[in-house]
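Below you'll find the structure, written out as structure tokens, and then a few comments.
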Amino acid sequence: IGTGVLELVASVLILIPSLVWLGSVLAFGLMAGAIGMHVTLLGIEVRGDGGQLFVYALIVAICAAYSFWQSRSTIPATIKRFLPLFLQ
């Protein structure tokens with residue numbers, strides 16, 4: 001339930017123009033966790049889904065990374081100073 005709530009929060013943040021970067025970071029982090037679980041404990045295929053959930057997690061992670069890249073100009077200066085130069 002907690003992961004689902006965080007996914008909902010990420011999707012709402014992505015809809016707010018000034019917070020797209022934050023929603024993208026949250027979504028990417030959640031999907032990195034999902035991908036990590038598939039690779040280590042669950043396996044790519046879970047309950048005969050043919051790897052569909054794993055592919056969905058990859059797609060969301062890629063879209064979140066792209067969304068972050070596109071919205072990097074809206075990141076507040078106080079946070080930008082901690083980012084590497086290629087993200088500024």
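The values are calculated or read from the model by the stated rules, or taken from the named source; none is laboratory data. This one's a predicted model, so the numbers in the text were calculated from it and none came from an experiment. Using ideal geometry, Cβ is built from the backbone for each residue, glycine included, and neighbour counts are taken over all protein chains shown. Note: accessible area is taken over every heavy atom of the protein model, side chains too, but ligands, DNA and RNA are not part of it. Shrake-Rupley method; radii C 1.70, N 1.55, O 1.52, S 1.80 Å.
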| note | Among residues of the range 42-88 being in contact (Cβ under 8 Å) with a residue 12 or more places away in the chain and either in contact with a Gly (Cβ under 7 Å, 6 or more places away or on another chain) or not in a helix (DSSP H, G or I) (or both), the residue most open to solvent (accessible area, probe 1.4 Å) is GLN88
| query | Are any residues in the range 39-87 of a type in the set (S, T, N, Q) and under 19 Å from GLY23 (Cβ atoms), and if so, which ones? | reply | SER67, GLN70, SER71, SER73, THR74, THR78
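Rundown of residues vs (1) open to solvent by less than 50 Å² (accessible area, probe 1.4 Å); (2) not hydroxyl-bearing (Ser, Thr, Tyr); (3) not in a helix (DSSP H, G or I), yes/no style:
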{"residue": "VAL5", "(1), (2), (3)": "no, yes, no"}
{"residue": "SER24", "(1), (2), (3)": "yes, no, no"}
{"residue": "ALA27", "(1), (2), (3)": "yes, yes, no"}
{"residue": "MET31", "(1), (2), (3)": "yes, yes, no"}
{"residue": "THR40", "(1), (2), (3)": "no, no, no"}
